[in-house]
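Below you'll find the structure, written out as structure tokens, and then a few comments.
The values are calculated or read from the model by the stated rules, or taken from the named source; none is laboratory data. Fair warning: this is a prediction, and the values are worked out from it, not measured in the lab. We place every Cβ from the backbone using ideal geometry, glycine too, and count neighbours over all the protein chains shown. The area values use the complete protein model at the heavy-atom level, side chains included, leaving out ligands, DNA and RNA. Shrake-Rupley method; radii C 1.70, N 1.55, O 1.52, S 1.80 Å.
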Amino acid sequence: MSSPDTHALLDRRGFLRVAALAGGGLSLAFLIDGSPLLAADEAKPAGAENFRPNGYLTISPDGTVTILSKNPDLGQGIKTTLPLIIAEELCADWKRVVVEQAPLNPALYGWQGAGGSTSVPSNYDNMRRAGAVARTLLVSAAAAEFGVPESECRAESGEVIHDITGRRLGFGALASKAATLPVPDAKTVVLKDRKDFSLLGRRVGGVDNKAVVTGALCYGIDVSLPGILYAAFVRCPAFGGKVKAANLDALRARPGVRKVFIVEGTGRDDELAAGVAIVADSTHLALSAADEAEITWDEDKACKDSWSGFAAKAAALSGEAGKEYQKSGDAKAALASAAKIIEASYTYPFVAHATMEPQNCTAHFSEGGLEIWTTSQNPGSGQDLVAKVLGIAKDKVRVHIIRGGGGFGRRLMNDYMAEAAFIAREAGVPIKLIHSRESDMTHDFYRAGGFHHLRGGIDGKGRLSGWTQHFVTFGQGGKDSRGAGMGAELFPLVVLPDRSVGKTLLPLGVPTGYWRAPGSCATAWVLESFLHELSAAAGRDHVEFLLELLGEPRWLPPANSGALHTGRSAGVIRLAAQKSGWGTPLPAGRGRGIAFHFCHQGYFAIVAEVTVGADRKLSVDRVVAVGDVGPIMNRSGAENQVEGSIVDGLSTLWLQAITFEEGRVQETNFQDYGLLRMAKAPRIETHFIESEYPPTGLGEPALPPLTPAVCNAIFAATGERVRTLPLVKAGFKA
Amino acid sequence: MPTLLLQVNGQKHEVTDVAPDTPLLWVLRDTLKLTGTKFGCGIEQCGVCTVHVDGVATRSCNYPVSQAVGKQVVTIEGLAGKDGTLHPLQQAWIDHDVAQCGYCQPGQIMQAAALLQRNPQATEAELMRGMSGNLCRCGTYKRIRDAITSAQAQLQSKGGAS
Ligand code: FES
Ligand code: FES
């Protein structure tokens, strides 16, 4: 019925299209620079009765501003943040803004993902320009209406105002006219001055808050379709195993079970694993049938790994140097001239993501195409995977982005999409695949464990003098397993004048993946605990020691967005020390620890204060976090991410380990893979240094320094150095 | 299969086609399409499936639907007033911008509501104990605590939670 009736103007040099809506109003589609403009009818999804804009924002005649949020939201709050950036430049009245999740359409939106804390840095400028173009059009429209120069008009809170005459018109009244005006060039459109911001930097509640607290928000697991059936999928307990035989007929005979079949899989866990699929009338019937599946597995090529076996191998390698892959100065000579040498070995375990919403996915295959509803953090690559696994063209896979109950990197992998797609095609009806917690926990893409052997020297003046490190991690053919590496740009490695870092790769069959702040989440603990061992051995104050290592304010290599600025680093360390009362005395049994880390373009210093009782009862009393990620977009959301990172870090370092024997993960549910409970959550204080650098993301960088800060605090309280995680295995009780 | 008569959020439902030992959770979610109650562990370890059965916070993942017959079940969808007025806890959750992914929050709210209903004067320690079976993977505990405390104060000033 209604569709964009005209292209008011196509700006072929820019990357923007404005369309008038048939029922009045304005729709603005923002295209990725250089990509072809969409044809008119592509803006209208097939079968849609009401016009649904494919671009970023619509202003309807009643003044409602609808903004589409392009990236998946799994709790990081991006569905609030990105629209807020647009609304700021638009000068919208936030109360009249409705936010909707955009469907997958990379041709229009570019990469639509949630990973690497990239959503804010990679979209800030585009979103601002989208809002500014629309605002400029509205101001022009108002100026024409008022018959005054544009320079005398300004937009504020959903209206354009002519101050001299006091006249004002709402965006709704202006939208249709605005849609007919020449579109300003997005590249040169005038942006607001940060000091005039009225939305960004404030506390804004999540756009879905009401839906959350009333139970109305639709998560992946809540998707429902007419005629839907429910699926379970049983994979081999040892990774890579195939199905030899199964009690298929017995399973088919169970009440409510509609279909049972063997899935050969593609032989890769990150595509489609082998297993037995069960389709039934309800989730309960599907999951209980899965419990009764008796499967003989072909484990010839399956994983045989054992955690204790790896630990023994790593211990045997402790005297070796590994293959050197990072080097500066002359570590050997610096150690030889050192007055004191400290040696230590650190071990951290594999961990699972354990998103609160277990992996699931809904799919419907019909007429040669697939429609799929996914909580993926990377739905675009999920679309590719599904097309590959089904052997159909990518444009036959229509993807809906659905709110996820937590991601943390788990949902960067799309195994559940491939499973749901495959099962849906076999079933011939819409299916919702749900993994039980046990199935989810034993088939994750784990954060890899690791082993580090370190030697560090202190010279006669108490300064660091030489550092060697042998990192025993996982991989093959010179390539680290996914998420199992340690970059040379990490602090303190990047500032050490005389270092030699070697690596040994152990081949691994257990699938690994990206876990919140990959590459930093575990190694920061090793690096910054050992650094504290050195400063303690030198009898130095650790804050002073850190600042000395950082030296003069400057950019360090590499010369890209991964570069660390020593001045920003020192800034957060100094403020954390000040806010936490660093250096002031604490009663016996209590201790304070500090650590600093830089990753994902974010600078964080954390001070933890702990109490350790006589029976090793641990309490983390207070955590002060100071971050510099440039200007803050939404203060409430930003603090929430920091608070969450701290609790997540604490859960992990204290309680969590995934172990495996004969290629089988041993921990299956929250009873043996714990999460921190409310009573143990520390008091948290968050501070931001809002530097003028471009804003960067907060999903990850606050987490890595938490672990070393707590362990350094335990050392301060007890004199005991934690070198193996999790703490619970070292007897620290909750 | 026997017909089960359920009372959920003040409404009567006749449920056929489910075995009496089916966990209440799946009847709510798959049969009655009340999906606000979530699935997290299935073994009473996380609390995301919490509902009220005759006013008592109950883990519906391990509660046979047959036991709910003759009792009043309230889910997160039924916590607000009939006119849509939010429960003070729901409002406090919004005011404190508690949620991250939000997946655990219906269970957290139902747990807290039952606690305050039973013991409006609950001390901080009692509240912490009462909430300790509800996990939040995103780590929103600080805000949950603040939200409960402010809702409690509001309920008390209104003259009790009942
Ligand atoms: S799903 Fe019921 S307690 Fe976890
Ligand atoms: S808000 Fe995500 S699990 Fe609690």
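Say whether the condition of being within 14 Å of chain B (Cβ to nearest Cβ), basic (Lys, Arg) and within 16 Å of ligand 2 (Cβ to nearest atom) is met by at least one residue in segment A:430-447.
Yes: one or more hits.
Rundown of residues vs (1) open to solvent by 30 Å² or more (accessible area, probe 1.4 Å); (2) in contact with a Lys or Arg (Cβ under 8 Å, 6 or more places away or on another chain); (3) assigned to a helix (DSSP H, G or I); (4) not charged (D, E, K, R), yes/no style:
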position	(1), (2), (3), (4)
A:485	no, no, no, yes
A:501	no, yes, no, yes
A:508	yes, no, no, yes
A:517	no, no, no, yes
A:536	yes, no, yes, yes
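Would you check which residues across segment B:43-64 are within 16 Å of ligand 2 (Cβ to nearest atom), assigned to a loop (DSSP other than H, G, I, E, B) and within 11 Å of chain A (Cβ to nearest Cβ) and list them?
Those that are within 16 Å of ligand 2 (Cβ to nearest atom), assigned to a loop (DSSP other than H, G, I, E, B) and within 11 Å of chain A (Cβ to nearest Cβ): B:45, B:46, B:47, B:48.
Kindly list the number of the only condition in (1) among the basic types (Lys, Arg); (2) over 13 Å from residue B:92 (Cβ atoms); (3) within 12 Å of another protein chain (Cβ to nearest Cβ); (4) open to solvent by 20 Å² or more (accessible area, probe 1.4 Å) that fails for residue B:118.
Answer for residue B:118: the failing condition is (3).
Got a number for residues in segment A:701-731 being at pLDDT below 95 and either open to solvent by less than 10 Å² (accessible area, probe 1.4 Å) or touching a Lys or Arg at 6+ places or on another chain (Cβ under 6 Å) (or both)?
1
Suppose the filter is within 15 Å of ligand 1 (Cβ to nearest atom) and of a type in the set (S, T, N, Q); does residue B:121 pass it?
For residue B:121, the condition - within 15 Å of ligand 1 (Cβ to nearest atom) and of a type in the set (S, T, N, Q) - is not met.
Considering A:226, A:255, which residue is within 14 Å of another protein chain (Cβ to nearest Cβ) and touching a residue at least 60 places away in the same chain (Cβ under 8 Å)?
Details: A:255 fails: touching a residue at least 60 places away in the same chain (Cβ under 8 Å).
Checking each option against the conditions leaves just A:226.
Which of (1) among the aliphatic types (A, V, I, L, M); (2) within 21 Å of residue B:3 (Cβ to Cβ); (3) open to solvent by 30 Å² or more (accessible area, probe 1.4 Å) does residue B:56 not meet, given it meets every other one?
Exception for residue B:56: condition (2).
Quick test of your reading of the structure: residue A:462 fulfils all but one of (1) open to solvent by 10 Å² or more (accessible area, probe 1.4 Å); (2) assigned to a loop (DSSP other than H, G, I, E, B); (3) not β-branched (Val, Ile, Thr). Name the failing condition by number.
So residue A:462 meets the others, but not (1).
Just for segment A:255-270: of the residues that are open to solvent by 60 Å² or more (accessible area, probe 1.4 Å) and over 23 Å from residue A:237 (Cα atoms), which one is modelled with the highest pLDDT?
Per the criteria, the residue is A:258.
When segment A:666-691 is examined, which residues are found to be at the interface with another protein chain (Cβ under 10 Å from one of its Cβ atoms), open to solvent by 20 Å² or more (accessible area, probe 1.4 Å) and aliphatic (A, V, I, L, M)?
Passing the criteria: only A:679.
Mind checking which pairs have a first residue in segment A:66-77 that is closer than 10 Å to residue A:405 by Cα and in contact (Cβ under 8 Å) with a residue 40 or more places away in the chain and a second that is among the hydrophobic types (A, V, I, L, M, F, W, C) and within 16 Å of ligand 1 (Cβ to nearest atom), Cβ under 9 Å, 6 or more apart or different chains?
Pairs found: A:73/B:101; A:74/B:101; A:75/A:356; A:75/B:101; A:75/B:138.
Could you say whether any residue in segment A:82-92 is away from ligand 2 (no atom under 16 Å from the Cβ), of a type in the set (D, E, K, R) and without any contact (Cβ under 8 Å) to a residue 60 or more places away in the chain?
No, the conditions are met nowhere in segment A:82-92.
Is there a residue being of a type in the set (Phe, Trp, Tyr), within 16 Å of ligand 1 (Cβ to nearest atom) and away from chain A (no Cβ under 12 Å) anywhere in segment B:95-105?
no
Taking the residues in segment A:490-523 that are under 17 Å from residue A:331 (Cβ atoms) and charged (D, E, K, R) as candidates, determine which candidate is nearest to the chain's Cα centre (by Cα).
Per the stated criteria, the residue is A:503.
What's the number of the only condition in (1) away from ligand 1 (no atom under 16 Å from the Cβ); (2) among the polar types (S, T, N, Q); (3) open to solvent by 20 Å² or more (accessible area, probe 1.4 Å) that residue B:132 fails to meet?
(1)
Answer yes if at least one residue in segment A:166-185 is over 27 Å from residue A:110 (Cβ atoms), of a type in the set (Lys, Arg) and at pLDDT 95 or above, and no otherwise.
Of the residues in segment A:166-185, the ones over 27 Å from residue A:110 (Cβ atoms) are A:166-170, A:172-174, A:176-177, A:180.
Within this subset, residues satisfying the condition of being of a type in the set (Lys, Arg) are A:167-168, A:177.
Filter again for at pLDDT 95 or above, leaving A:167-168.
The answer is yes; a qualifying residue exists.
Within the set of pairs 6+ apart or on separate chains, which have a first residue in segment A:364-386 that is in contact (Cβ under 8 Å) with a residue 12 or more places away in the chain, a second that is among the hydrophobic types (A, V, I, L, M, F, W, C) and open to solvent by 20 Å² or more (accessible area, probe 1.4 Å), and C-beta atoms under 6 Å apart?
A:373/A:402; A:375/A:402; A:377/A:412; A:378/A:412; A:379/A:104
Which residues, taken from segment A:392-411, are part of a strand (DSSP E or B) and touching a helix residue (DSSP H, G or I) at 6+ places or on another chain (Cβ under 7 Å)? Working first, answer last.
Here is the first cut: in segment A:392-411, the residues part of a strand (DSSP E or B) are A:397-401, A:403.
The answer is A:397, A:399, A:401.
Tell me which residues, restricted to segment A:339-356, are more than 16 Å from ligand 2 (Cβ to nearest atom) and either under 16 Å from residue A:660 (Cβ atoms) or in the same structural domain as residue A:74 (by TED's automatic domain parsing) (or both).
Scanning segment A:339-356 gives A:347, A:348, A:349, A:350, A:351.
Return yes or no: is residue A:107 assigned to a helix (DSSP H, G or I), among the hydrophobic types (A, V, I, L, M, F, W, C) and open to solvent by 10 Å² or more (accessible area, probe 1.4 Å)? Break it down stepwise before answering.
Details: assigned to a helix (DSSP H, G or I): yes; among the hydrophobic types (A, V, I, L, M, F, W, C): yes; open to solvent by 10 Å² or more (accessible area, probe 1.4 Å): yes.
Criteria met by residue A:107.
Which of the residues that make up segment B:31-42 are away from ligand 1 (no atom under 11 Å from the Cβ) and either assigned to a loop (DSSP other than H, G, I, E, B) or crowded, with 23+ Cβ neighbours inside 10 Å (or both)?
B:32, B:33, B:34, B:35, B:36
Considering only residues that are at the interface with chain A (Cβ under 10 Å from one of its Cβ atoms) and outside any strand (DSSP E or B), look in segment B:6-27 and name the one that is most open to solvent (accessible area, probe 1.4 Å).
That would be B:17.
Among the residues of segment A:559-566, is any out of contact with any strand residue (DSSP E or B) (no Cβ under 8 Å at 6 or more places or on another chain), open to solvent by 10 Å² or more (accessible area, probe 1.4 Å) and at pLDDT 95 or above?
no
Can you run down the residue pairs with Cβ atoms below 9 Å, 6 or more apart or on separate chains, where the first is in segment B:95-112 and on the phi > 0 side of the Ramachandran plot and the partner is within 16 Å of ligand 1 (Cβ to nearest atom)?
Matching pairs, first to second residue: B:102/A:219; B:102/A:405; B:102/B:138.
Based on what the data block shows, is residue A:78 modelled with pLDDT of 90 or more, closer than 18 Å to residue A:135 by Cα and open to solvent by less than 20 Å² (accessible area, probe 1.4 Å)?
no
Looking at segment B:106-162, which of its residues are touching a strand residue (DSSP E or B) at 6+ places or on another chain (Cβ under 9 Å) and either more than 16 Å from ligand 2 (Cβ to nearest atom) or among the polar types (S, T, N, Q) (or both)?
Scanning segment B:106-162 gives B:108, B:111, B:113, B:114, B:115, B:117, B:118, B:130, B:134.
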